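I have placed the structure first, in the form of structure tokens, so that the comments after it can refer back to it.
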Amino acid sequence: MVWCKSIDEIIDMKFICNPMQDKIKEIREQSNAFEIIDLESAEQYRLKFLVKKGLINLLFQEFRSVEPEKKKKFGAELNVLKKELESKHKEGLQSLNKSESNEDNTSLDLPAYFNDLGSRHPISHTIEHMTEIFERLGFDVVSGPEIEDDWHNFSALNFPKNHPARDMQDTFFVDKDHALRTHTSSVQVRLMENTKPPIRSIMPGRVYRNEAISARSNCFFHQVEGLYIDEEVSFSDLKQTLYQFVQEFFGPDTKVRFRASYFPFTEPSAEMDIYLGLETESDARLTKGTGWLEILGCGMVDVNVLENCGIDPSKYTGFAFGLGVDRIAMLKYGVKDLRTFFYNDKRFLSQFSSL
Ligand code: DAH
């Protein structure tokens, strides 16, 4: 038995024993235990607690007979409880609505949403197609820097300083000693410097020249360089490799011709043309009325170049070639203006989405 209670505690005990206090507590517990999991249980909750004859209103009716001095305390508690019950019901309904709308999004009836997959660039695709053919012929793929020094872009390739041959390619200089590479032949040099023969590689990449921009030429374009160095490599190996490539890329009946040419880094040098004919206006324009289109330069690697790169010319010989990618891509896809490849216009690029 507890004897020494303060007046306040005695008053509190009276509340605890008070039936109104117990009822508020009990209704709160019942509400807490009630789970609103679907529309039906939400309605049951409303009927049990919130309607005119629900528990909270019954309690308000009982409240009328509470002694006046306790009315203030119980009135406040009842109002708090009523708000609690109402917001539990409201929040229950809201979360049901939310999960219902989520279900809508994953409805199996909705039409499938397709992502726009984009497309591979026609120039990349052309390079990939070329690479695939050369890989089948036993070539591997090598790359090199786009900013080059004078040695790799010119000097090692037998362009003497101040030699007019350097004027063949108008160069973008980055500083006194470096330029944007004017051809992928610079990668040949790097490869020969670092690799012992046999070497059989192609070197695709972007090159830059300070040229007037038009439908047929741009200040940057793409090349696929090829290099084969071994003992007893001959010009007929070069021809056979290129014939094979052309037949695979353009079709078995494609006519080709070699023309003698000049490059400082090959001796003898040649250019190869393919025959397009003169049937269409664009063939005539592209071939300048001859029916023939030049697609590459090639030749036997010059002895000086082999020596510059530390390869013994008495033991090894080799051939090299440089294919122009952009022109071939124009031909392949019937593109009349080279510049359209690089506008990044989605309407143009999306035409290649099936590649
Ligand atoms: N580098 C030459 C150019 O850009 C193309 C070329 C010609 C590359 C002959 C070669 C080659 O490897 O042997 O015009």
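The values are calculated or read from the model by the stated rules, or taken from the named source; none is laboratory data. Just so it is clear, the model here is predicted, and its values are computed rather than measured. Using ideal geometry, Cβ is built from the backbone for each residue, glycine included, and neighbour counts are taken over all protein chains shown. Note: areas computed on protein heavy atoms with side chains; ligands, DNA, RNA excluded. Shrake-Rupley method; radii C 1.70, N 1.55, O 1.52, S 1.80 Å.
So for the chain: antiparallel DSSP bridges make up what percent, rounded to the nearest 5?
Taking every DSSP beta bridge with both residues in the chain, the antiparallel ones total about 95 percent.
What shape does the chain have by the C-alpha gyration tensor, where a ≥ b ≥ c are the square roots of the eigenvalues, rounded means a/c under 1.5, and otherwise prolate means a/b greater than b/c and oblate the rest? Let's see the in-between values first.
Values: a/c = 4.85, a/b = 3.40, b/c = 1.43.
Prolate shape, in that a/c is at least 1.5 and a/b is the bigger ratio.
Hey, what did the chain get for relative contact order, percent, Cα under 8 Å, at least 6 apart?
Once divided by the residue count of the chain, the mean separation gives 15 percent.
List the trypsin sites (Lys or Arg not before Pro) within the stretch 203-301 that DSSP assigns to loop and that have no more than 12 neighbouring Cβ atoms inside 10 Å.
K288
What whole-number value in Å² describes the accessible area per residue of the stretch 10-98 for a 1.4 Å probe?
69 Å²
Would you kindly state the longest site-free stretch of the chain, with sites defined as GluC sites (Glu not before Pro) in a DSSP loop (not H, G, I, E, B) surrounded by at most 11 other Cβ atoms within 10 Å?
That gives 36-230 as the longest site-free run.
Give the long-range amide H neighbours of N210: residues separated by 5 or more places, or on another chain, with amide H under 5 Å away, using H modelled in the peptide plane at 1.01 Å from N.
D170, T171, F172
Under 5 Å between amide hydrogens, which residues at least 5 positions from K255 or on another chain qualify, with H placed 1.01 Å from N in the peptide plane?
Y275
Using amide H atoms built 1.01 Å from N in the peptide plane, name the residues 5+ places from E225, or on other chains, whose amide H lies under 5 Å from its own.
Under 5 Å from the amide H of E225: M203, G205, L323.
Can you work out the accessible area per residue across the stretch 244-330, with the rest of the protein chains kept in place, probe 1.4 Å, in square angstrom?
Averaged over the residues of the stretch 244-330, the accessible area is 44 Å².
So which chymotrypsin sites (Phe, Trp or Tyr not before Pro) in the stretch 269-355 are both in a DSSP loop and have at most 13 other Cβ atoms within 10 Å of their Cβ?
Listed in order of number, the matching sites are Y343.
Calculate, in nm to one decimal, what N210 and T131 gain on full extension: separation in residues at 0.36 nm each, minus their alpha carbon distance.
Gain on stretching N210 to T131: 25.7 nm.
Of H178, H121, which has the most accessible area with a 1.4 Å probe, and how do the rest follow in descending order?
Of H178, H121, the descending order of accessible area is H178, H121.
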